[in-house]
Amino acid sequence: MIVCYAQGGGLGHLTRIRAYLHTCHGDEPATILSTSPFTADPRVLGPHRLLPTSALHTLRPSLLVVDAFPAGIDGSLSAASVPPGTETVHLARLLRWDVYRPLMPSDPIRYDRIWAVEDLGDSPLPLTGPLSLADPPAAGDPDPSGVADGAWLIVHSGPSAEIQELIGYARDCADLEGARPRFVLVAPHRPAGLPSGVGHLDPYPALPLFARAERVVTAAGFNAVRQMRPWRDRHLMLPFPRRFDDQFTRAARARP
């Protein structure tokens, strides 16, 4: 049994775990431990089942995959959390180690493999090597009406206040280019107060839309930067402060 710890309040942890399972295990069904609100959308989990993170102690996985946080988001994962004989894998992305390090337990998990899924710079982790993730294909065209074609997409699953900031940033960038594009928000929910003239789509995954857009405006989250790599010249990033994720370093490294 493959068990994946993907705890976090957003969509990024789930998208990264789905990509890992597709890349390394051919979409073999797995158990995903998460309390993210986005697990209510069946498109997000795909063939995988969901359990709360508290269920880990009741399971006997053959493989335990821990996403992003080597000791869990709250430091609750330790060597004692892993049943004997379980193979362990950690997916390492950028962390603000000055903030996260105090959460590390005295008996951390000794991972069998630690994959760097992005450039980590000077990481304190004993890395196995880099791992390039590929996303599972979409079940169908997420935008058969072509709403995204030639538009400026504003892509974010975060809070409404950040969506409004991204819309303002997109408009400022368009003004600097002397452009008058169509703006389309790509988000799981239509936020209250969405400005007139800004359309809305709720696809999952959003990746198939990126090649069809004139510009894609995002924060500097891991998945957005990774997925937009083939179209870097169209990508406009506005990093946001996060407790553990270092979006500013990621954005600086990703800009052409």
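Heavy atoms of the protein chains alone define the surface here; on that basis segment 29-175 has 47 Å² accessible area per residue at 1.4 Å probe size. Note on the chain: with a GNM built from Cα contacts shorter than 10 Å, the maximum mean-square fluctuation among Leu59, Leu77, Leu21 falls on Leu59. Each Lys and Arg adds +1 at its Cβ and each Asp and Glu adds -1 at its Cβ; summed about the Cα centre, the chain shows a dipole of about 80 debye. When the accessible area of the chain is split by element with a 1.4 Å probe, what percent falls to carbon and sulfur? Exposed carbon and sulfur together represent 54 percent of the surface. Remark: segment 36-48, residue by residue, has Karplus-estimated 3J(HN,Hα) of 4, x, 6, 5, 5, 8, x, 5, 6, 7, x, x, 8 Hz, where x stands for each Gly or Pro and the curve is 6.51 cos²θ - 1.76 cosθ + 1.60 at θ = phi - 60°. Contact order, relative form, for segment 25-82: 29 percent (alpha carbon pairs under 8 Å, 6 or more residues apart, mean separation divided by residue count). Classify segment 67-137: rounded, prolate or oblate, from the alpha-carbon gyration tensor (a ≥ b ≥ c, eigenvalue square roots; a/c under 1.5 rounded; otherwise prolate if a/b is larger than b/c)? The shape class here is oblate. Using a cutoff of 8 angstrom between alpha carbon atoms and counting only pairs six or more residues apart, the relative contact order for segment 105-242 works out to 24 percent. Take every Cα pair under 8 Å whose residues are at least 6 apart in sequence, average their separation, divide by the length of the chain, and the relative contact order is 16 percent.
Centre-to-centre separation between the Cα atoms of segment 65-129 and those of segment 26-51: 21 Å.
Put simply, the amide H of Cys4, placed in the peptide plane, has neighbours under 5 Å in Thr31, Ile32, Leu33, Val65, leaving out anything fewer than 5 places away on its chain.
Taking all protein chains as they are arranged and a probe of 1.4 Å, the heavy atoms of Val225 leave approximately 20 Å² accessible to solvent.
The values are calculated or read from the model by the stated rules, or taken from the named source; none is laboratory data. These numbers come from a predicted model, not from an experiment. No Cβ is skipped: glycine too gets one built from the backbone with ideal geometry, and neighbour counts run over all protein chains shown. Calculation scope for accessible area: heavy atoms of the full protein, side chains included, ligands and nucleic acids excluded. Shrake-Rupley method; radii C 1.70, N 1.55, O 1.52, S 1.80 Å.
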